[in-house]
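The values are calculated or read from the model by the stated rules, or taken from the named source; none is laboratory data. All figures in this text were calculated on a predicted structure; none of them were measured in a lab. Don't worry about glycine lacking a Cβ; one is built from the backbone with ideal geometry, like all the others, and counts go over all protein chains shown.
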Amino acid sequence: MYRSYGGSCSVDGDQGSPCRRQVNASLHHRTPPANMVGDFGGGAMMLAFGMVSALLNVQRGGKGTVIDAAMTDGTALLMSMIYAFHGQGWWQDDRGVNMLDTGAHFYDVYKTADEKFVSIGAIEPQFYVQPLHLCGLSNDPVMQIQNDQSQWDAMRDKLARLIETKTRAEWDEIMIGHDACYAPVLSLAEAPSHPHNTARDTFVTAGNVLQPAPAPRYSTHKTTPPRMPDGQTDTRTILAELGYDTDRIATILNAGGIA
């Protein structure tokens, strides 16, 4: 809902529908990205940024302030670049026809022979030539004029048919290690064990639950992994702060008075 008011939902999906279109069977097109843009990006992150900014202002001698963080405002702000492109005539007010919304063949997700997916985001010319070379398409006349929008569908179909001839692992072997702006689309189960993520400790286990580690990171001190409540420690602490002594807390808990 919040994304819809800000305009960002209008750029999701493919041409003809805000969510999905039926095209070449070898393509798989996405629906809106869960609630990451509205609730988290446009809401919580903007609120956190506003709080830090307000605290810095007070620290420097300014007055405290009430922070008005609306998800509709935040999601609209995240669309600033798209609105700027649209205002300059670089972005059509339609889905699946622009460079960054699956309109371009060089910025899309493709299905592989094993029903998995890979992503390509080779916008710059020096990167665009890499996947062409690695796919054996360097001399293909159809693929040469990267930004000819009239040929994007034809180029996408050619690339999609080619990518679907190999498994994701085979494309990893071909692409990874080159500046091809290529990456496998990892599942929730796969992402934590990927070498890049293990090298950066991107995921941690807290309370026997595997989850993303705190970010960003700081050079002066380490971030603290999340602490999962055990259902007892926090309860005891809160009751003690309310004036309950140890014996009374134990009696309440043993009697099942507090879950």
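Odds and ends about this structure:
- Among residues of the range 68-96 that are touching a residue at least 12 places away in the same chain (Cβ under 8 Å), those with a beta-carbon under 6 Å from a residue that is surrounded by fewer than 18 Cβ atoms within 10 Å (Cβ to Cβ) and in a loop (DSSP other than H, G, I, E, B) at least six positions away or on a different chain give the pairs Met79/Gly7; Arg95/Gln15; Gly96/Gln15.
- If you go through the range 64-84 and keep only what is over 21 Å from the mean Cα position of the chain (by Cα) and either within 22 Å of Thr102 (Cβ to Cβ) or aromatic (Phe, Trp, Tyr) (or both), you end up with just Ala84.
Let's see how each residue does on (1) over 30 Å from Ala122 (Cβ atoms); (2) not in a loop (DSSP other than H, G, I, E, B):
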residue: Ala183; (1), (2): no, yes
residue: Leu188; (1), (2): no, no
residue: Val204; (1), (2): yes, yes
residue: Ala215; (1), (2): no, no
residue: Leu239; (1), (2): yes, yes
residue: Gly243; (1), (2): yes, no
residue: Thr251; (1), (2): yes, yes
residue: Gly257; (1), (2): yes, no
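- Filtered residues of the range 213-226 (kept if surrounded by 11 or more Cβ atoms within 10 Å (Cβ to Cβ) and of a type in the set (D, E, K, R)): Arg217
- Verdict on Ala76 being modelled with pLDDT of 95 or more and more than 22 Å from Ile120 (Cα to Cα): no
- Qualifying residue in the range 170-190 (condition: without any contact (Cβ under 8 Å) to a residue 60 or more places away in the chain, more than 18 Å from the chain's Cα centre (by Cα) and surrounded by 18 or more Cβ atoms within 10 Å (Cβ to Cβ)): yes
- Residues (in a helix (DSSP H, G or I) and β-branched (Val, Ile, Thr)) located in the range 151-181: Ile163, Ile174
- Residue identified as free of Cβ contacts under 8 Å to residues at least 12 places away in the same chain and either surrounded by 10 or more Cβ atoms within 10 Å (Cβ to Cβ) or not small (Gly, Ala, Ser) (or both) among Leu242, Leu210: Leu242
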